[in-house]
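Colleague: Take this structure, written in structure tokens, and hold onto it; I'll ask about it next.
The values are calculated or read from the model by the stated rules, or taken from the named source; none is laboratory data. This is a predicted model, so every value here is computed, not measured. Neighbour counts are summed over all protein chains in view; Cβ atoms, including those assigned to glycine, are modelled from backbone coordinates with ideal geometry.
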Amino acid sequence: MSTENPCSPSQSCCPLCGGANQCAMAAGGAPESCWCMTAAPIAPTALAAVPEAQRGQVCICAACGSPQAQEPVPPAFAQRPPPAPI
């Protein structure tokens, strides 16, 4: 079984997850047709996570750029009900 990433490093791959970034400009389309122009604002933490050498060179994917993707997962104990009084 191959563990290779199906998206080789290029302008069409997300530098955070390695998946396809669906960038219209990388595909030769108009900038205004790109998902990032019509989506909610991209999470600042996602932009900050892009390696410095790749900033301004490649786009992240919509999943990595989503503000919901950047929310911390609460610890398991936070989901338990409070203890019953003694």
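Colleague: How about the range 7-36: which of its residues are surrounded by 11 or more Cβ atoms within 10 Å (Cβ to Cβ), in a loop (DSSP other than H, G, I, E, B) and not hydrophobic (A, V, I, L, M, F, W, C)? Please lay out each step first, then the result.
Modeller: In the first step, residues of the range 7-36 are kept if they are surrounded by 11 or more Cβ atoms within 10 Å (Cβ to Cβ); the result is 7, 9, 11-27, 29, 33-36.
Next cut, in a loop (DSSP other than H, G, I, E, B) only: 7, 9, 11-12, 14-19, 21-27, 29, 34.
Scanning the range 7-36 gives 9, 11, 12, 15, 18, 19, 21, 22, 29.
Colleague: Hey, another quick one. If you go through the range 37-73, how many residues are assigned to a loop (DSSP other than H, G, I, E, B), out of contact with any Pro (no Cβ under 9 Å at 6 or more places or on another chain) and surrounded by fewer than 11 Cβ atoms within 10 Å (Cβ to Cβ)?
Modeller: So the count comes out to 4.
Colleague: Condition check: out of contact with any Ser or Thr (no Cβ under 7 Å at 6 or more places or on another chain), on the phi > 0 side of the Ramachandran plot and either modelled with pLDDT of 90 or more or among the polar types (S, T, N, Q) (or both). Does residue 22 satisfy that?
Modeller: Working: out of contact with any Ser or Thr (no Cβ under 7 Å at 6 or more places or on another chain): yes; on the phi > 0 side of the Ramachandran plot: yes; either modelled with pLDDT of 90 or more or among the polar types (S, T, N, Q) (or both): yes.
Against the criterion (out of contact with any Ser or Thr (no Cβ under 7 Å at 6 or more places or on another chain), on the phi > 0 side of the Ramachandran plot and either modelled with pLDDT of 90 or more or among the polar types (S, T, N, Q) (or both)), residue 22 qualifies.
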